[in-house]
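The values are calculated or read from the model by the stated rules, or taken from the named source; none is laboratory data. Every value quoted in this text rests on a predicted model; they were computed, and no experiment measured them. We place every Cβ from the backbone using ideal geometry, glycine too, and count neighbours over all the protein chains shown. Just the protein is used for accessible areas: all its heavy atoms, side chains included, with ligands, DNA and RNA removed. Shrake-Rupley method; radii C 1.70, N 1.55, O 1.52, S 1.80 Å.
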Amino acid sequence: EVDGLRTIAVSSVIIYHAHLVIDGTRLFPGGFLGVDVFFVISGYLITSLILKEIFLTNTFSFTNFYERRIRRIIPPYLFVLFLSLPVAWSYLPAEYLLKFSNAAISSIFFISNFYFFFTENIYGDIANSINPLIHMWSLSVEEQYYIFFPILTIILFKIQKNRILFFLVIIFLISFFLSNYLSKHHPSSTFYLLHTRSWELFAGSILAYV
């Protein structure tokens, strides 16, 4: 079921970026919502792995956790990056090639969401859609979540084992209301940064715990 949801989420994003039009009607004009669905799935899966380990063994191996993430993420990431390089070199004008290079460097360190935010890139804007790595911002958000969430979970397990769900809900609500409020005043940071995307990941975390 999770893989099926992933397929729907990713397909909707691909169709959205393809700007497919049939009889004057654009397909999946809100297909970028697939990213939101993917964040919930990621929160669910990661929390399931973490909670299963700490509740069954009463310990948690950060080394094993990050090794699994590296094995899962880095190979396909490098494949996409190296596949994009010759295409970008051959077809992008100099200005956009520079943007591509900056996006590639920032994505290597999983901070491309900050790069796109500080360079005022508007997601979905035609001028930015030709950057093959525009979608890497979401991977950076996930990786930042992977860094702090296991630490938070371990701390809660050690000091408030029976109230983990309570704290997950509190963080979810804070991020959710921040997202709704800031989207009106700071739409770019709300879109790209972790503090206003966390509620989606924590929605998955809550589902996993329940």
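Brief remarks on what is shown
- Among residues of the range 81-111 being hydroxyl-bearing (S, T, Y) and loosely packed, with under 14 Cβ neighbours inside 10 Å, the one that is nearest to S189 (Cα to Cα) is Y91.
- Criterion (open to solvent by less than 30 Å² (accessible area, probe 1.4 Å) and not hydroxyl-bearing (S, T, Y)) met by exactly one of I50, I15, I74: I50
- Matching residues, the range 84-95, being touching a residue at least 24 places away in the same chain (Cβ under 8 Å) and touching a helix residue (DSSP H, G or I) at 6+ places or on another chain (Cβ under 8 Å): S84, A88, L92
- Exactly one residue among I130, I122, I147 is modelled with pLDDT under 90, hydrophobic (A, V, I, L, M, F, W, C) and within 18 Å of the chain's Cα centre (by Cα), and that residue is I122.
- Options L182, L133, L193, L156; residue that is within 20 Å of E53 (Cα to Cα) and out of contact with any Gly (no Cβ under 8 Å at 6 or more places or on another chain): L156
- Among the helices (runs of 4 or more DSSP H) confined to the range 46-128, the ones with at least 1 residues that are of a type in the set (D, E) are located at 62-91, 94-108.
- Hits in the range 157-206 - residues which are closer than 18 Å to F118 by Cα and touching a residue at least 40 places away in the same chain (Cβ under 8 Å): S188, S189, F191, Y192, L193, L194, R197
- Looking only at the range 137-172, residues that are surrounded by fewer than 15 Cβ atoms within 10 Å (Cβ to Cβ), touching a Phe, Trp or Tyr at 6+ places or on another chain (Cβ under 6 Å) and not hydrophobic (A, V, I, L, M, F, W, C) come to 0 in all.
- If you go through the range 141-160 and keep only what is over 13 Å from T47 (Cα atoms) and of a type in the set (D, E), you end up with just E143.
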